[in-house]
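Peer 1: Got a structure for you, written out below as structure tokens; questions coming shortly.
The values are calculated or read from the model by the stated rules, or taken from the named source; none is laboratory data. A quick note: this is a predicted structure, and the numbers were derived from the prediction, not measured. Don't worry about glycine lacking a Cβ; one is built from the backbone with ideal geometry, like all the others, and counts go over all protein chains shown. Protein only, heavy atoms only, side chains kept; ligands, DNA and RNA dropped before computing areas. Shrake-Rupley method; radii C 1.70, N 1.55, O 1.52, S 1.80 Å.
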Amino acid sequence: MGSTSFDTELTSFCEPLRRITDLRCRAKTLNATLGEATKDTLKLLFTLTLIAAATLHVFTHWQRHHKPTAPAVAGQEASTQVASEAPSLEFVRNVAGGLSLILATWGLIAFAVERSRGTAEQAHDSRALAEGLRVQIAWNLAGLGESVSANYMQRQRSELDWIRGAIRSVAFPYELWKTKFDALQPKHQLRALRCVGCGWIEEQASYFQKAASRHQHALHLWHKLGTVAALSSVFTFALLWLSEVAHEVHDWLEHVPLPIIAAGLLAIGVVVSAIRKVVIQRSATAHAESHSQTPHARVHQILDWLVPAPEPHPTSPVSTLRHFGRLLLGYLSRLPLSVATALMVIWISSTLAHWSANFPDGHSLSVILSGILLLSGALAVAWAEKNLLSEFAYQYSTMSALFDSAHRHFQRDLVRLQQLHNQAQAATAAGNATEATSKQAEFQQQLRDIQVFLLALGQEALDENAEWLILHRARPLEPVMAG
């Protein structure tokens, strides 16, 4: 009977929350759908840009260069050879040029359609609504009687009034929640607060921790890919230039086993990476994260051996010389994989040029592949910047620390509140009215302190989401420019 009364009273208190939770579920579902559509469009734009720029590069450099040995007969033979090869080479160039134009037009049309729909803005606004409702639910459940709309996105009052209006429409009147919470028995109040702790604080602490780790992983992964691709392109161009000005280098590239040298450089890179891991003494947490079994993390783990992650910020002051040594070792660890990739580009280009006359000469193929590598590196870094990986990795890491600390603080306060409630019940059962009144007063004061704490925590969560929205509004969806 007591349990039935307990559930009935708490259910009656929580019933008005249904309107808010239903609206939040709809906003969250809309955000997931529109956010996925926006991310798909961004992936499409980057893919089209990469392929369009690559095919344009092919159109520009898909040709053979012949060096006649004599001005007359040899020159006529070379002209005849070029003329015989021209149809196949010209066909590939024409196809590449047309494909580049088609893909560029496709990208512009996809961008125009997406911007006209306003999908990205709708996704951001629905996320802002859902997060505001999350805090409002927690405040109502804790009996604060406070308004989220009065504490939310004041700097965007004109353009986002509808979000505050939507929250206000399902949460008003706010004072009703304080009155109903104060009317609950202390044991019911404790249970409501535990729901706030599990459903909001603990859940947010876990979310921000995973989000920060995910963004840091992705940031390091894309920066590694971009750095290695760009350096590989630079080394390829350097080797091509040296082979043009020094015949010894050209002969060396033609006769040495480049794949074996590349494999040796990769082995050196793994050794340097292992040494650097020991030098910087990576934490056990980071080490465990790098061995995650997700496909994304496995790629990161492989690259982490070839190109180690950036050194974490030192927690204690280090000497300038030691810091410089760590940075130098970090840069050197990127060189083996980059040089190995450059050697493989030259070897593949030379092999294809000798394999079929339908391919350009090795020099032109190397120029094409190195240009694609440089473009890929630039787009990899641009992808990280467009998705705000650096900003959100820092922001989510900060919020993870905040909610983790808040969770521990909240649990201590709940334990203290439970103790005061038990002491008040024991004093009442013992007939000690004075002690019971004193403990009840302490209980109410502790309860008010918890509510003040939840108000401050909710304001921090609202500020974080406002910053999230400002960052996205500052970088709207735009055409991806290569080069």
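Peer 1: What is the range 134-221 by shape, rounded, prolate or oblate, if you read a ≥ b ≥ c off the alpha carbon gyration tensor as root eigenvalues and call it rounded for a/c under 1.5, prolate for a/b larger than b/c, and oblate otherwise?
Peer 2: It comes out oblate by the Cα gyration axes.
Peer 1: Using modelled amide H (1.01 Å from N, peptide plane; none on Pro or chain starts), what sits under 5 Å from the amide H of W62, excluding residues fewer than 5 places away?
Peer 2: Answer set, sorted by chain and number: none.
Peer 1: Packing-wise, with mean Cβ within 10 Å as the measure, how do 203-215, 222-234 rank, highest first?
Peer 2: So the peptides 203-215, 222-234, ranked by packing, come out 222-234, 203-215.
Peer 1: Which shape class applies to the range 349-483: rounded if a/c is under 1.5, otherwise prolate when a/b exceeds b/c and oblate if not, where a ≥ b ≥ c are the square roots of the Cα gyration tensor eigenvalues?
Peer 2: It is prolate, given that a/c is not under 1.5 and a/b is the larger ratio.
Peer 1: Moving on. Quick one: go through the range 354-369 and flag any residue whose amide nitrogen is under 15 Å from the point 7 Å out along the Cα-to-Cβ line of V95.
Peer 2: 357-360
Peer 1: How much length is gained if the chain between H188 and Q444 is pulled fully straight, taking 0.36 nm per residue apart and subtracting their Cα-Cα distance, in nm to one decimal?
Peer 2: Gain on stretching H188 to Q444: 90.8 nm.
Peer 1: Just check the range 376-432 against the gyration tensor rule for me: Cα atoms, a ≥ b ≥ c as the square roots of the eigenvalues, rounded for a/c under 1.5, and otherwise prolate or oblate depending on whether a/b exceeds b/c.
Peer 2: Since a/c reaches 1.5 and a/b is larger than b/c, the shape of the range 376-432 is classed as prolate.
Peer 1: Using a 1.4 angstrom probe on the protein heavy atoms only, line up W139, W347, W162 by accessible area, largest first.
Peer 2: Of W139, W347, W162, the descending order of accessible area is W162, W347, W139.
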